[in-house]
Amino acid sequence: MDFILAAEHLLRTYRERKEALSHTLASGGAQDIEQYHRIVGEIAGLNVAEQELQTLNKNMEESYD
């Protein structure tokens, strides 16, 4: 169960960071194209990490059953 709590914490953290980055982009906060690309890349990376964590979480839950 400790894994599930850790996974939930990480998912919450990833989602909060993605929301903050998306807000930065939506409000025109990227100072230049390099920063824009960095932010978009970070969001993409967080999406991949979130998906992998969700898959791992699902697999762990199924193994407990």
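Rule-based calculations on the coordinates, nothing more; no lab input. These numbers come from a predicted model, not from an experiment.
Would you kindly derive the ³J(HN,Hα) couplings of the range 22-31 from the backbone phi angles with the Karplus curve 6.51 cos²θ - 1.76 cosθ + 1.60 (θ = phi - 60°), listing them in order in whole Hz, with x for Gly and Pro?
Each residue's phi maps through the Karplus curve to give 5, 5, 4, 5, 5, 8, x, x, 6, 6 Hz.
Determine the calculated [θ] at 222 nm for the chain from helices alone, applying -39500 (n - 2.57) to every DSSP H run no shorter than 4 residues and normalising by the residue count; nearest 500 deg cm²/dmol.
My calculation for the chain gives -31500 deg cm²/dmol from helical runs alone.
Rounded to the nearest 10 degrees, what's the angle between the helix 33-64 long axis and the longest principal axis of the chain, both from Cα atoms, 0 to 90?
Helix 33-64 sits roughly 10 degrees off the main axis of the chain.
Just for the Cα atoms in the chain, what are the lengths along the principal axes, largest first, rounded to whole Å?
49, 15, 13
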